[in-house]
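Colleague: I'd like to ask some things about the structure below.
What follows is calculated from the coordinates using simple rules that are stated; it is not laboratory data. What you see is a predicted model, and the numbers here were worked out from it, not measured in a lab. For neighbour counting, all protein chains shown are included, and Cβ atoms are generated from backbone atoms with ideal geometry for every residue, glycine included.
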Amino acid sequence: MTLIAESPRAVAVSPVNGALRYLTQTALAADVLAMSLAGTLAAVGRDWVFAAGPDDNVSTTLTVAGPVMMLLWLASIAVAGGYRQDLFGAGTDEYKVVLHASVAAAAVVGIGCFLMKVDLSRGFFLLGFGLGIPLLLGARYGLRRALHRARRGGALLQRVVIAGTPTHIDEIAEVLRREAWLGYTVVGALSADATAVDETPCGIPLLGRTDDLVTTVADLVPDVVFFADGASGCGARMRRIVWDLESHDVQVVVAPSVADISGERVRVRPVGGLPLIHIEQPRAVQAGRWAKRAFDLAGSLALLVAFAPLMLVAAARIRWHDGGPVLFRQERVGRDGATFRCLKFRTMVVDAEARLAALQAETGFTYGLFKMKDDPRVTPPGRWLRRLSLDELPQLFNVLRGDMSLIGPRPALPSEAAAYEPDSVRRLRVRPGMTGLWQVSGRSDLSYEEAVRLDMFYVDNWSMIQDLTILLRTLGAVLRARGAY
């Protein structure tokens, strides 16, 4: 542990995580393994797939051209920046770099062999790159998942110092705490008025003034410095601070005062040396257009056909258990505030609504959607249905009718919608969904405020790619039964 005694507000800081330095080597090893596997499969399968007879000349050339092709491929990824440490862990840039570099390598190899009249097997070339690119992307995805798991477990973390006003420091610190997979741990902050208080309103220790940044970096040796609003005062001063940090092994990140905006809506365009951040308009209108509706109709029909036998089994279990109704109909608020009857398989006793007030008083519930672990009103068939989210399958009929979408914000109760703050009303600009970001991010384990934040992020940043991603993540969330009760 390193103790910064020179600061009037000394804090204990863990030493630099040396394992972070090996991310590049690990990525390189993963790429070599993926290329080697692709090359082996291509060498074995070239004759079988392309129905070509053995050719001694081509086979001999292959022993030389194969390794050369791999080296060129690795060099192409390296030149494109595929092994930069700041590329790992977040965003799509890593995958784009690998894909573009692979296509460039294939072009160089193909054109080079043609111009130099190298007798390289066409089958090997097509299979090598055809198999290698998916294997490379899969290896990078696996490495990223392992990195995220390690970071959530407290390993491979990067220590962060934030400079700015206390309010903006807390905003950034909250995002970094919430998104633990990013691997940032805040060790302290610097503010222009740090002499007035010892910490920010959310408890981040203030180590000194922003003028002391270079000294603080030299003492703490953080991995990253975040500049929030109010950190530098002007562009010239910011430039001088970056110059002063040149001799320190630290990343500099500028965090503007915009949050919950997807990367697809942000464009950074330098103009005259000034990086301008262009933000596209919110996409709530696009989320209600015909393409999404057509996707909902086709998807709900396909799912109804696929799950029809399972829905019949569920209905039979509910009816046989207590003889009550199979479906539970509840009024919910849909697009633009219109109400509709939301369908679900009944998972509770028949008089569940009559018992609700007593349970709310017992648990101290005050606001939002009431959820309770080990709810005594849930029936044995209901526990099974809830654990796998099968109770929501009848909502496919709501999707067909146009009341709901396959993906969207959580459908709100009328009492909940009536108490919305002005910002939260934006959730009602699109159809509510059977699943959404709230579903794949923890379901009932989320706080009400976090669920609202995710819904608003979805509304403002909708895209068809995001919908498809949520559908795939929903399958994993259902199988893990995380937050299902």
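Colleague: With a 10 Å radius around each residue's Cβ, average the other Cβ atoms per peptide and rank 293-303, 427-437, highest first. Mind showing how you got there, number by number?
Modeller: Details: 293-303: 15.2, 427-437: 24.1.
The densest-packed peptide leads the list: 427-437, 293-303.
Colleague: Which whole-number percent gives the relative contact order of the chain, counting Cα pairs below 8 Å spaced six or more residues apart? Present the calculation step by step, with values, prior to reporting the outcome.
Modeller: Numbers: 667 pairs, mean separation 53.4, N = 485.
That works out to 11 percent.
Colleague: Highest mean first, how do 394-405, 22-33 rank when packing is the count of other Cβ atoms within 10 Å averaged over residues?
Modeller: Values: 394-405: 20.2, 22-33: 16.0.
Top to bottom by mean Cβ count within 10 Å: 394-405, 22-33.
Colleague: How compact is segment 286-480 by the rule of thumb for globular proteins, expressed as Cα Rg over 2.2 N^0.38 Å? Spell out each step's value before the answer.
Modeller: Numbers: Rg = 16.4 Å, N = 195, 2.2 N^0.38 = 16.3 Å.
Normalised Rg, Cα atoms only: 1.00.
Colleague: Taking percent of Cα pairs over 42 Å apart as the quantity of interest, determine which of [x] 17; [y] 37; [z] 11 was computed from the displayed structure.
Modeller: Matching the structure shown: [y].
Colleague: Figure the gain on full extension for Ala338 and Ala90 (residue separation times 0.36 nm, minus the Cα-Cα span) and round it to one decimal in nm.
Modeller: Numbers: separation 248, 0.36 × 248 = 89.28 nm, distance 3.81 nm.
Contour length minus the Cα-Cα distance gives 85.5 nm.
Colleague: Considering just Cα atoms, how many Å³ per residue does the convex hull of segment 121-169 enclose?
Modeller: On the way: hull volume 6.5 nm³, N = 49.
Roughly 133 Å³ of hull volume per residue.
Colleague: Enumerate the aspartates and glutamates that Lys344 could reach by cross-link, defined here as Cα to Cα under 15 Å, with residues fewer than 8 away along the same chain left out.
Modeller: Glu331, Glu353, Asp391, Glu392, Asp403
Colleague: So for segment 19-152, what percent of the C-alpha to C-alpha distances run longer than 26 Å? Numbers along the way, then the final one.
Modeller: Working: 2358 of 8911 pairs.
More than 26 Å apart: 26 percent of the Cα pairs in segment 19-152.
Colleague: Something else about it: Among bridges DSSP assigns within the chain, what percent are antiparallel (round to 5)?
Modeller: Details: 18 of 36 bridges.
Of all bridge pairs located within the chain, approximately 50 percent are antiparallel.
Colleague: Would you mind putting 167-176, 241-250 in packing order, based on average other-beta-carbon counts within 10 Å, highest first?
Modeller: Values: 167-176: 20.3, 241-250: 13.4.
Packing order, densest peptide first, comes out as 167-176, 241-250.
Colleague: Pick out the long, greasy-scoring helices in the chain: whole DSSP H runs spanning 27 Å or more along their own axis by Cα, mean Kyte-Doolittle at least -0.5.
Modeller: Qualifying helices, which must be both long enough and hydrophobic enough, are 23-50, 56-79, 93-115, 122-152, 290-322.
Colleague: Given Cα pairs under 8 Å that are at least 6 residues apart, what percent is the relative contact order of segment 286-480? Before the final figure, lay out each step's value.
Modeller: Details: 250 pairs, mean separation 47.4, N = 195.
Answer for segment 286-480 is 24 percent.
Colleague: Normalising by the residue count of segment 19-152, find the relative contact order in percent from Cα pairs under 8 Å and 6+ residues apart. Walk me through the intermediate numbers first.
Modeller: Working: 109 pairs, mean separation 58.7, N = 134.
Value for segment 19-152: 44 percent.
Colleague: I've got another one for you. When the helix-only estimate is applied to the chain (DSSP H runs of n ≥ 4, each -39,500 (n - 2.57), divided by the residue count), what is the mean residue ellipticity at 222 nm, nearest 500 deg cm²/dmol?
Modeller: On the way: 15 runs with 236 residues, N = 485.
The per-residue figure over the chain is -16000 deg cm²/dmol.
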